[in-house]
Amino acid sequence: MITSQAVNEAIDYILYHIDEDISLEKVANYCHFSKYYFCRLFKEQTGEGVYEFIKRVRLEQSAFRLKVERERPITEISADYGYSSSNYSSAFKTHYHMTPISFRSKSYHQSMEHPFFHHENWDVENFEECNRKITVKNIPDYHVIYERRFGNYEGLCREWNLFIKKYEKYFTDKTKFLERTYDDPAVTEVENCLYDICMSVEPDCPLENTITIQGGKCAIYHFKSHAKYIYAAYQTIFLIWLPKTRFEIDARRSLFDIYHTVDYKTKYMELDICVPIKDVAI
């Protein structure tokens, strides 16, 4: 778990400005630290250097867009993250051991290789099945207590139990439990996947580790099944539903889940997968 609020704020700053020119000086100044102290703190908390983190996230976000924006030229996507065509191909191949063209052509197959349940077969739904489970609407902002983590989701039940016990005095009859996700495990190595576990609170909550998750227009997939099928639901949205609609993901906002029912024994869950969207620019 990332325990430094300054590092969390730095990550938020980097993610929001990932398609801009980000310098170490800008991030350190944003956190009101010297460059030397901030670099050391960031590496201690995340296991990566600041520039290493920025470079990886840029490549992985561009790879995700190669996957979901299949008609968009690779050169346009790479340019969005500050790469020339030749530099992008070289950096991409170093990271993924294949060219951007190969990655895009193989992305459908790779997305069906479940990162947590390796010995089972996974199928996406067709568009009609998926579309029946999706509602497009505006949802409110959520002010939340959050804890941020890197890595595998296998210990998530235990982490949620500890989180709930830690903050139970802030529960009300209006409390919602949310999980904010930043990465697609089909694109990002599982140990590098970043996520927040959250519970809604009033804006005047005195704790430091609070943040507002931006609402707005979302495609809401109403999930009702075993937890292991959540990954397939996400891939269906990315690969099947989005390409056949007039929408694209709004990268300035985060994806998040809102939990409604969780059976810890059977792993049955009912939750809303909230994907921020905007109309495709014409």
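The values are calculated or read from the model by the stated rules, or taken from the named source; none is laboratory data. What you are looking at is a predicted structure, and each value in this text was computed from that prediction instead of being measured. All Cβ positions, even for glycine, are placed from backbone atoms using ideal geometry, and neighbour counts span all protein chains on display.
Flag: Val124 matches the condition of being among the hydrophobic types (A, V, I, L, M, F, W, C) and in a loop (DSSP other than H, G, I, E, B). For Ser23, the conditions (1) within 23 Å of Tyr108 (Cα to Cα); (2) out of contact with any Pro (no Cβ under 9 Å at 6 or more places or on another chain) all hold with the exception of (1).
Return the residues of segment 224-282 that are within 16 Å of Val136 (Cβ to Cβ) and among the hydroxyl-bearing types (Ser, Thr, Tyr); say none if nothing qualifies. Scanning segment 224-282 gives Thr236, Thr245. Considering segment 209-227, the residues that are assigned to a strand (DSSP E or B) and small (Gly, Ala, Ser) include one that is surrounded by the fewest Cβ atoms within 10 Å (Cβ to Cβ), namely Ser225. Looking only at residues of segment 138-171 that are loosely packed, with under 11 Cβ neighbours inside 10 Å and touching a residue at least 24 places away in the same chain (Cβ under 8 Å), we find that the one that is nearest to Asp279 (Cα to Cα) is Asn138. Inspection of segment 177-189 finds a residue satisfying the criterion of being outside the structural domain of Glu60 (by TED's automatic domain parsing), surrounded by fewer than 16 Cβ atoms within 10 Å (Cβ to Cβ) and either free of Cβ contacts under 8 Å to residues at least 60 places away in the same chain or under 23 Å from Ile18 (Cα atoms) (or both). Scanning segment 258-280 for residues that are more than 14 Å from Phe177 (Cα to Cα) and hydroxyl-bearing (Ser, Thr, Tyr) yields a count of 3. Restricting segment 42-71 to residues that are of a type outside the set (Asp, Glu) and without any contact (Cβ under 8 Å) to a residue 12 or more places away in the chain leaves a set whose member that is nearest to Leu24 (Cα to Cα) is Gly49.
Looking only at segment 29-40, filter to residues that are surrounded by 15 or more Cβ atoms within 10 Å (Cβ to Cβ) and either without any contact (Cβ under 8 Å) to a residue 12 or more places away in the chain or out of contact with any Phe, Trp or Tyr (no Cβ under 7 Å at 6 or more places or on another chain) (or both); which one of those is nearest to Tyr51 (Cα to Cα)? Only one residue fits best here, namely Cys39.
Filtered by the rule that a residue be of a type in the set (Val, Ile, Thr) and in a helix (DSSP H, G or I), segment 157-187 gives a lone residue, Ile164. Taking each residue of segment 1-22 that is under 15 Å from Thr210 (Cβ atoms) and looking for partners that are at pLDDT below 95 and among the charged types (D, E, K, R) with beta-carbon atoms closer than 6 Å, six or more apart or interchain, yields Gln5/Glu208. State whether the residues of segment 60-79 include one that is basic (Lys, Arg), crowded, with 16+ Cβ neighbours inside 10 Å, closer than 17 Å to Leu242 by Cα and not assigned by TED's automatic domain parsing to the domain that holds Val275. Scanning segment 60-79, I find at least one residue that is basic (Lys, Arg), crowded, with 16+ Cβ neighbours inside 10 Å, closer than 17 Å to Leu242 by Cα and not assigned by TED's automatic domain parsing to the domain that holds Val275, so the answer is yes.
Might you let me know whether segment 237-252 holds any residue that is within 19 Å of Asn8 (Cβ to Cβ) and modelled with pLDDT under 95? Checking segment 237-252: at least one residue is within 19 Å of Asn8 (Cβ to Cβ) and modelled with pLDDT under 95. Whether a residue is on the phi > 0 side of the Ramachandran plot and modelled with pLDDT of 95 or more was assessed, and His143 does not pass this test. In segment 259-273, the residues that are in the same structural domain as Ile220 (by TED's automatic domain parsing) form Cβ pairs under 8 Å with partners that are of a type in the set (Asp, Glu) and in a loop (DSSP other than H, G, I, E, B), at six or more places apart or across chains, as follows: Met269/Asp263. Restricting attention to segment 72-108 and to residues that are in a loop (DSSP other than H, G, I, E, B) and in contact (Cβ under 8 Å) with a residue 60 or more places away in the chain, the residue that is nearest to Asp123 (Cα to Cα) turns out to be Tyr81.
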